[in-house]
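**Q** Once you've had a glance at the structure underneath, I'll fire off some questions.
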Amino acid sequence: MNPLQELHDLDAPRTGLTAEGLVHSGRARVRRRRRAAAAGTAAAVLVLLTAGAVSLAAARPQPDPRPALPQPSESVPQRQCRPEWLPVSGKTPTGPPVVDPTGHWAAAVSANHGELTIWHDGAKVAERHDMPFVGLAIAGISAKGAVAVTAVTGVTASGSGPRRPMIFTDGYTQALTLPPGTDPEAASEAFAMNSAGDVVGYVQVGGVTRAVRWPYRDPGRPVLLATPADRSSTALAIGEDGTVGGFLDGHPAAKVPYVWRADGTGLALALPPDVPGGAVQGVAGGWAADYGRDLRWRLAEPGRSEPLGAGGAGHAIAADGTVVTGQEVLDGHGQVALLPPDDYDRFALGGISADGRVVTGVAITGDAPAVGLPLRWVCGG
């Protein structure tokens with residue numbers, strides 16, 4: 001079973017992302033829109049799973065028929081967040097793109113199950129639609145443009161084939177090596193990638209789920225992360241310093257939020273008395289986050305949790321604690337006003353860079369799920 005399905009029911013200090021002018025102009029636009037029409041802003045469901053065969057098509061910039069994006073007010077004197085479209089073939093919609101911790105690379109899978117698109121600094125550098133897999137779920141992208149995914153490897157008489165962790169770039173495909181003793185028929189998955197290219201997830205060894213890290217410098221030698229003998233484990237997140245987050249499971253049954261430091265030593269994180277279990281789903285800049293339980297921890301104080309402030313809707317965290325939800329960016333000052341482009345009803349956000357300067361998402365029109373036309377906001381002084 002996919003551990004993230006199990007987590008569904010468990011499932012910020014200050015940031016440079018906010019621009020005071022952006023907030024004021026954003027709120028003004030919201031008031032105007034509300035007077036004009038009661039546009040709904042229902043939260044979007046993140047869709048990262050796609051299917052289909054995936055060919056390399058290096059792309060040159062082409063004229064974009066989409067409407068111009070709103071630009072920040074000229075009255076903003078210091079910091080602005082500039083929205084930019086991420087080019088795709090025609091008007092092919094995608095799920096919300098992931099972004100690498102440096103903010104330079106992004107990737108998304110298409111909603112029509114046809115391609116994986118990779119961007120660098122806002123320019124499309126590759127489309128992959130040559131892969132014989134029936135499903136892809138993006139785990140992350142590195143600072144060199146390598147994309148980690150979980151791929152469903154085919155269809156069998158009893159259904160789809162096992163899930164396998166893979167690496168894609170604009171030039172090659174690599175299946176990540178499974179540790180000795182891994183059950184070849186059982187699922188293994190990749191869930192996160194840092195800018196260095198280290199990947200984490202889980203494998204099945206001897207019938208037990210084990211957290212695993214694939215080092216970028218030696219992907220042929222995956223490392224099983226230390227797990228108490230009576231527990232199973234899964235890794236869901238990895239920070240820039242190599243800290244890994246996830247959870248322990250087994251006996252007792254409640255999931256324990258857990259981190260593995262860069263040296264491999266493990267550390268359980270404390271939960272509030274009324275919370276029976278949890279998991280570390282994000283790690284950045286000394287913070288660990290459980291989005292489903294709306295909790296975060298300073299790793300220097302693992303015995304104390306605090307509210308994350310995202311209402312259980314978070315799915316990405318920056319190094320200063322800024323949180324991305326489906327439709328909000330939350331920092332130490334509250335909600336940051338990022339608005340949908342003209343002619344679009346809403347947007348769904350996909351990720352944030354470690355320094356909080358780049359946010360990725362899709363613009364959505366109508367009542368469609370969280371797929372649309374990809375864009376990013378670039379924030380700077």
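**Q** Among all the lysines, which ones have a C-alpha under 29 Å from Lys91's C-alpha, if same-chain residues fewer than 8 places away are not counted?
**A** Straight-line reach from Lys91, under 29 Å: Lys124, Lys144.
**Q** State to the nearest 20 debye the size of the charge dipole of the stretch 198-255 about its Cα centre, where the only charges are +1 on K and R beta carbons and -1 on D and E beta carbons.
**A** 160 debye
**Q** When the chain is fully extended, how far beyond the present Cα-Cα distance does Ala368 get from Ala300, taking 0.36 nm per residue of separation?
**A** 20.3 nm
**Q** In µm²/s, what is D for the stretch 266-311 at 25 °C and 0.890 mPa s, where D = kT/(6 pi eta Rh) by Stokes-Einstein and Rh is the Kirkwood radius from Cα pairs?
**A** 234 µm²/s
Coordinate-derived values only; no laboratory data. This is a predicted model, so every value here is computed, not measured. Glycine gets a Cβ as well: all are built from the backbone with ideal geometry, and neighbour counts include every protein chain shown.
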